[in-house]
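Report on one structure; see the data block that follows.
No value in this document is a laboratory result; all are computed from the given coordinates. All values reported here derive from a predicted model rather than from experimental measurement. Neighbour counts run over all protein chains shown; Cβ positions are idealised from the backbone, glycine included.
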Amino acid sequence: MNKDSKIYIAGHRGMVGSAITRHLSNEGFSNLLLRTSKELDLRNQADVFSFFANEKPDYVFLAAAKVGGIVANNTYRADFIYENLAIQNNIIHAAYLQGVKKLMFLGSSCIYPKMAPQPLKEDYLLTGLLEPTNEPYAIAKIAGIKMCEAYRTQYGCDFISVMPTNLYGPNDNYDLQNSHVLPAMIRKFHEAKINQDKAVYLWGSGSPMREFLHADDLANACIFLMNNYSEAGFVNIGTGTDVTIKALAELVKKIVGFEGELVWDSSKPDGTPRKLMDVSKLHGLGWQHQIEPEQGIALAYQDFLENHDALRL
């Protein structure tokens, strides 16, 4: 990518898209193409095709998606598969029609089988059953990967896919009904501290293990791969290390400053027992993460206080 290349970031207001937009701007890329969902409904094929025909972007970061945690994924199963398929189908095909130089599709680590060996290697895709609670979303993301591969094979399009691990950072979703585990913990512990509660109640046993990557690290990796990777196979993006949900809760509790107890509700689902990405392919290409959990969660909590805290005094 050149500094004056026309670069479209689909989903630039979300956590991932905003991080990519922020990093591109900071690196001097001056021709960024941005549209809100009100300005361009990515589920509408005619609107997307018209937008691409008029704007003719050189590069595309496909970060737009309908996302959520266990509750949202399991409750709105039809919405998750329909909206994500519509968004990625429209953008990928429009990019082909208008001769986009390169497109990056961002997937999710939930594409891997629930009981896949750990850490998760790229070639474990489609080797077993998915986690039932987020199967519709995972199937949509798998379709996106295969679509990019198919357009590369049939049409010679330079379309690549990356699979981030669990993400957190600025512009995260802190809604307790449909957020991911880390932002939900930040909000729960903060509100418990403000309300001087004696305990915070958390789902599951706390034993599952998860890997977490700061959105700024992801953005850095995406830009690196857009400039340095052009192959059919997708690339995992993560840290290569994980923690138990219980250890994560203790860390968030410490950073937020909540002094009460943690109570685990084992009647609630844990989800996948472990999800750790094998990032040897990414490391082999020359990229590694920079932001460690304690620093990253402190940054995320500061963002919550400044931009999301409805109880701020």
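Can you compute the FRET efficiency between residue 47 and residue 247 using 1/(1 + (r/R0)^6), with r the Cβ-Cβ distance and R0 = 51 Å? Round to the nearest 0.05.
Working: r = 45 Å, r/R0 = 0.89.
FRET efficiency, residue 47 to residue 247: 0.65.
Note down the relative contact order for the chain as a percent, whole number, built from C-alpha pairs under 8 angstrom at least six residues apart.
Details: 589 pairs, mean separation 61.1, N = 313.
Across the chain, relative contact order equals 20 percent.
Through the Karplus equation 6.51 cos²θ - 1.76 cosθ + 1.60, θ set to phi - 60°, convert the phi angles of the range 190-202 into ³J(HN,Hα) values in whole Hz; use x for Gly and Pro.
5, 5, 5, 5, 4, 7, 6, 5, 8, 8, 10, 9, 10
What's the angle, to the nearest 10 degrees (0 to 90), between helix 77-97's Cα axis and the longest principal axis of the chain?
The helix 77-97 is inclined about 30 degrees to the chain.
Arranged by the count of other C-beta atoms within 10 angstrom, fewest first, what order do 81, 237, 194 take?
Details: 81 19, 237 27, 194 14.
With the sparsest Cβ surroundings first, the list reads 194, 81, 237.
Taking the number of other C-beta atoms within 10 Å as the exposure measure, put 22, 187 in order starting with the fewest.
On the way: 22 16, 187 23.
Lowest count first: 22, 187.
So what are the chain's ellipsoid semi-axes, whole angstrom, largest first, if each one is the square root of 5 times an eigenvalue of the alpha-carbon gyration tensor? Before the final figure, lay out each step's value.
Details: eigenvalues 211, 91, 69 Å².
Semi-axes, largest first: 33, 21, 19 Å.
Hey, which of these cross-link pairs are over 22 Å Cα-Cα: 114/246; 254/275; 38/141; 101/281?
Violating the 22 Å limit, Cα to Cα: 254/275; 38/141; 101/281.
If you average the alpha carbon positions of the range 60-107 and of the range 253-269, how far apart do those two centres end up, in angstrom?
Between the Cα centre of the range 60-107 and that of the range 253-269, the gap is 34 Å.
Relative to the present Cα-Cα distance, how much length would full extension add between residue 101 and residue 56 at 0.36 nm per residue of separation?
Details: separation 45, 0.36 × 45 = 16.20 nm, distance 1.01 nm.
Roughly 15.2 nm would be gained on extension.
Using only the alpha carbons, work out the radius of gyration and Dmax of the range 192-234 in angstrom.
Over the range 192-234's Cα set, Rg and Dmax evaluate to 19.1, 53 Å.
Grab the Cα-Cα distance for residue 27 and residue 224, subtract it from 0.36 nm times how many residues apart they are, and report the gain in nm with one decimal. The partial results should precede the final answer.
Numbers: separation 197, 0.36 × 197 = 70.92 nm, distance 1.18 nm.
That works out to 69.7 nm of additional length.
Each residue of the range 48-57 in order: what ³J(HN,Hα) in whole Hz does its phi give by Karplus 6.51 cos²θ - 1.76 cosθ + 1.60, θ = phi - 60°, with x for Gly and Pro?
Residue by residue, the range 48-57 yields 5, 4, 5, 4, 5, 5, 7, 8, 6, x Hz.
Could you give each residue of the range 253-266 its phi-based ³J(HN,Hα) in whole Hz, using Karplus coefficients 6.51, -1.76, 1.60 with θ = phi - 60°, and x for Gly or Pro?
Karplus-based 3J(HN,Hα) across the range 253-266 equals 4, 5, 5, 6, x, 7, 10, x, 9, 9, 10, 9, 9, 6 Hz.
Calculate, in nm to one decimal, what residue 194 and residue 154 gain on full extension: separation in residues at 0.36 nm each, minus their alpha carbon distance. If you can, show how the numbers build up before the last one.
On the way: separation 40, 0.36 × 40 = 14.40 nm, distance 5.71 nm.
Taking residue 194 through residue 154 to full extension adds about 8.7 nm, to one decimal.
Give, rounded to the nearest 20 debye, the magnitude of the charge dipole that the chain has about its Cα centre when Lys and Arg contribute +1 at Cβ and Asp and Glu contribute -1 at Cβ.
Working: 30 positive and 35 negative charges, 71 e Å.
Approximately 340 debye in magnitude.
Nearest 10 degrees is fine. How inclined is helix 293-307 to the longest principal axis of the chain, computing both from alpha carbons?
Once rounded, the angle reads 90 degrees.
Work out how far the C-alpha atoms of the range 227-294 reach from end to end along every principal axis, then list the three figures in whole Å, largest first.
Taking max minus min along each principal axis of the Cα atoms, the range 227-294 gives 49, 27, 15 Å.
Tell me the Rg and the Dmax, in Å, that the Cα atoms of the range 185-313 produce.
17.2, 53
Only counting other Cβ atoms within 10 Å, I'd like 129, 305, 248 sorted with the fewest neighbours first.
Numbers: 129 10, 305 13, 248 22.
Fewest to most other Cβ atoms nearby, the residues stand as 129, 305, 248.
If one takes the longest principal axis of the Cα atoms in the chain, at what angle in degrees, from 0 to 90 and to the nearest 10, does the Cα axis of helix 215-228 lie?
Result, in degrees: 20.
Per DSSP helix of 4 or more residues, -39500 (n - 2.57); summed, then divided by the residues of the chain. What does that give at 222 nm, rounded to the nearest 500? The partial results should precede the final answer.
On the way: 10 runs with 132 residues, N = 313.
Computed ellipticity for the chain at 222 nm equals -13500 deg cm²/dmol.
Over the alpha carbons of the range 1-149, what is the largest minus smallest coordinate on each principal axis, giving the biggest first in Å?
Result for the range 1-149: principal-axis Cα extents of 45, 31, 26 Å.
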